[in-house]
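Quick notes on the structure that follows.
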Amino acid sequence: MANTRSATLSIRLKSETKRRLARLAEASGRSSKFLISDAVESYVADQERMQAEIRQADRQVKSGHYVRHQDMKAWLLSWGTDHELPPPKCVCGKVHADESPRAESPRPNSRG
């Protein structure tokens, strides 16, 4: 069963934002309080995920597992040209579990 305990928090909103929120609440059949709580929960979850991704990326860079910006940029700029480059490799020189030598890059078909 979900934890139903909650705490009260006071916030200040711009008058126009408060009016927009009230209109949205009425249109959705939800209360303004529900919409605010839902928005804050979503925001916090997104920020936690983003910070976890940043920490992971930082660990990868510190351990030498990354693709150089200029290599990635050159590859992306080559898409759809007659001289399309292969996907860039990790600077460590190793092929990692999420890179298969024959795997196609996940990108839109530009030669449609």
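List of remarks:
- Once the Cβ-Cβ distance of A97 and R68 is raised to the sixth power relative to R0 = 22 Å, the FRET efficiency obtained is 0.60.
- Linear extension gain, S10 paired with H83, 0.36 nm per residue minus alpha-carbon span: 20.5 nm
- In summary, the range 1-105 shows an alpha-carbon radius of gyration equal to 1.78 times the 2.2 N^0.38 Å reference for compact globular proteins.
Only the coordinates and a few stated rules stand behind these numbers; no lab work does. For clarity, every value in this text was computed on a predicted model and none was experimentally measured. Backbone-built Cβ (ideal geometry, glycine too); neighbour counts: all protein chains shown.
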